[in-house]
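Visitor: Let me give you the structure first, and then I'll get to my questions.
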Amino acid sequence: MTTQPPLAAATTASLPTDNAARLEPQPTTSATSASELASAKISLRAALRQFPDFPIPGIDFIDILPLFADHSLHTSLIRALELQVLALNNGSKPDVIVGLDARGFLFGPSLALRLGAGFAPVRKRGKLPGPTEEASFDKEYGQDGFQIQNDAIKKGQSVLVVDDIIATGGSAAAAGKLVSQLGGNLVGYLFILEIDFLKGREKLNAPVYTLLKDTSEGTA
Ligand SMILES: O=P(O)(O)OC[C@H]1O[C@H](OP(=O)(O)OP(=O)(O)O)[C@H](O)[C@@H]1O
Ligand SMILES: Nc1ncnc2[nH]cnc12
Ligand SMILES: [Mg+2]
C-alpha cells in the first residue's frame, strides 16, 4: 500500500437554514462535487487496513470493513460512489446495480437506492433458487463460481457491476459475462479499490471506475 497522502481540509458547504430545504436533495455544481469527492477519497483511503498473509501466505489483504464501522465514513463512502456514478455518462444512471457476493452486498443496495436503480445479486454457487446462469473463475487467492437468477436483469437494461476490490479481475469478469448472458447492457464496473499491479481491469470489457488505487508493487 502506498503512503497515505496528508489529510486535506474537508470542504464545507453552507447548511440550509429551513427544514424544507434540508429535506430536498441539495443541488451541486460539478466543481463542488469534484471537491467533495476528492475530500471523501482522502478519508476513505486513510481508514483502510492491511493484513499480510491473509487468507493465505503471500497475500496482502486489504480490509474495507472500517468504512462501514463508522457512520461518517459509511456516509462518505455511499456519497462518493454516488458522485462517481453521476460523473459518468453525463449523469445518466444505470437501471440495475449488480453487486457481487459478499462484499459487494455491503454497499450495492444502498447505492441502488440513492440512484433510483434496482439491485440484483450475483451469488457464490449454490445459494440461489430457480433457473440461473453460472460462471467459474480464478481470483487472487483461489477459484470460485458465481450465479445470477435468469430474471434478475431484463434484456436491454443498463447494468453497473459493483464490488469492493478488483484484484486479478477474475470475479468481475465472470459477473460481466453473466450480465451479458442475460441480455443486459453492461455500462461499466465500479470498485472502491483497485490493486493496480494485478492489472485486473485488462480482463474487463466495459469501462472501469475506481474510487481508490493501491499502487504498491505487491510481493507475489
Ligand atoms: O479481482 P479478483 O482477483 O477476482 O478478486 C476480487 C474479489 O475477491 C474478493 O472476494 P472474495 O470472494 O474473496 O470474498 P467475499 O466473499 O468476502 O467478497 C473481493 O471482495 C472481490 O470480490
Ligand atoms: N488483496 C486483497 N485484499 C482484499 N480482498 C481481496 N480480494 C482479492 N484480493 C484481495
Ligand atoms: Mg468479493
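Visitor: Picking from D70, D53, which residue would you name as being farther than 23 Å from V208 by Cβ, within 16 Å of ligand 1 (Cβ to nearest atom), among the acidic types (D, E) and surrounded by fewer than 19 Cβ atoms within 10 Å (Cβ to Cβ)?
Guide: D53
Visitor: Pick out the one residue from K177, K199 that is away from ligand 3 (no atom under 15 Å from the Cβ), over 15 Å from the mean Cα position of the chain (by Cα) and on the phi > 0 side of the Ramachandran plot.
Guide: Testing whether each residue is away from ligand 3 (no atom under 15 Å from the Cβ), over 15 Å from the mean Cα position of the chain (by Cα) and on the phi > 0 side of the Ramachandran plot leaves just K199.
Visitor: Here is a list: I192, I97. Which entry is of a type in the set (A, V, I, L, M), touching a strand residue (DSSP E or B) at 6+ places or on another chain (Cβ under 8 Å) and within 22 Å of F61 (Cβ to Cβ)? Even if it seems obvious, please write down each step before you answer.
Guide: Working: I97 fails: within 22 Å of F61 (Cβ to Cβ).
Testing whether each residue is of a type in the set (A, V, I, L, M), touching a strand residue (DSSP E or B) at 6+ places or on another chain (Cβ under 8 Å) and within 22 Å of F61 (Cβ to Cβ) leaves just I192.
Visitor: Moving on to the next point. Starting from the stretch 152-166, take each residue that is closer than 14 Å to L193 by Cα and list its partners that are open to solvent by 10 Å² or more (accessible area, probe 1.4 Å), counting only C-beta distances under 6 angstrom and pairs at least six apart or across chains.
Guide: As it stands, the answer is D164/R103, since those pairs meet every condition given.
Visitor: Go through the stretch 138-164 and give me each residue that's more than 13 Å from K124 (Cα to Cα), open to solvent by less than 30 Å² (accessible area, probe 1.4 Å) and either part of a helix (DSSP H, G or I) or not small (G, A, S) (or both).
Guide: I153, V159, L160, V161, V162, D163, D164 - these are the residues of the stretch 138-164 that are more than 13 Å from K124 (Cα to Cα), open to solvent by less than 30 Å² (accessible area, probe 1.4 Å) and either part of a helix (DSSP H, G or I) or not small (G, A, S) (or both).
Visitor: Somewhere in the stretch 97-107, is a residue within 16 Å of ligand 1 (Cβ to nearest atom), without any contact (Cβ under 8 Å) to a residue 24 or more places away in the chain and under 19 Å from I166 (Cα atoms)?
Guide: Yes, the conditions are met somewhere in the stretch 97-107.
Visitor: Next question, about the same structure. Is one or more of the residues making up the stretch 143-153 within 17 Å of F61 (Cα to Cα) and modelled with pLDDT of 95 or more?
Guide: Looking through the stretch 143-153, at least one residue is within 17 Å of F61 (Cα to Cα) and modelled with pLDDT of 95 or more.
Visitor: Got a number for residues in the stretch 128-137 being within 22 Å of the chain's Cα centre (by Cα) and open to solvent by 80 Å² or more (accessible area, probe 1.4 Å)?
Guide: Selection size over the stretch 128-137: 2.
Visitor: Please find, within the stretch 115-125, the residue that is farthest from ligand 1 (Cβ to nearest atom) out of those that are assigned to a loop (DSSP other than H, G, I, E, B) and either touching a strand residue (DSSP E or B) at 6+ places or on another chain (Cβ under 8 Å) or under 15 Å from L178 (Cα atoms) (or both).
Guide: Going through the qualifying residues, I end up with A117.
Visitor: Could you tell me whether the stretch 185-198 includes any residue that is surrounded by fewer than 21 Cβ atoms within 10 Å (Cβ to Cβ) and within 8 Å of ligand 1 (Cβ to nearest atom)? Give the steps one after another, and end with the answer.
Guide: Filtering the stretch 185-198 for residues surrounded by fewer than 21 Cβ atoms within 10 Å (Cβ to Cβ) gives 185, 188, 196-198.
Filter once more, so that each one left must be within 8 Å of ligand 1 (Cβ to nearest atom): 198.
Looking through the stretch 185-198, at least one residue is surrounded by fewer than 21 Cβ atoms within 10 Å (Cβ to Cβ) and within 8 Å of ligand 1 (Cβ to nearest atom).
Visitor: Another one. Please find, among L186, L160, L113, L106, the residue that is closer than 24 Å to L211 by Cα, at pLDDT 95 or above and within 14 Å of ligand 3 (Cβ to nearest atom).
Guide: Just a single option satisfies the conditions, and that option is L106.
The values are calculated or read from the model by the stated rules, or taken from the named source; none is laboratory data. Computed from a prediction, not measured in an experiment: that's the story for all the values here. No Cβ is skipped: glycine too gets one built from the backbone with ideal geometry, and neighbour counts run over all protein chains shown. Heads up: the accessible areas ignore ligands, DNA and RNA and are worked out on the full protein's heavy atoms, side chains in. Shrake-Rupley method; radii C 1.70, N 1.55, O 1.52, S 1.80 Å.
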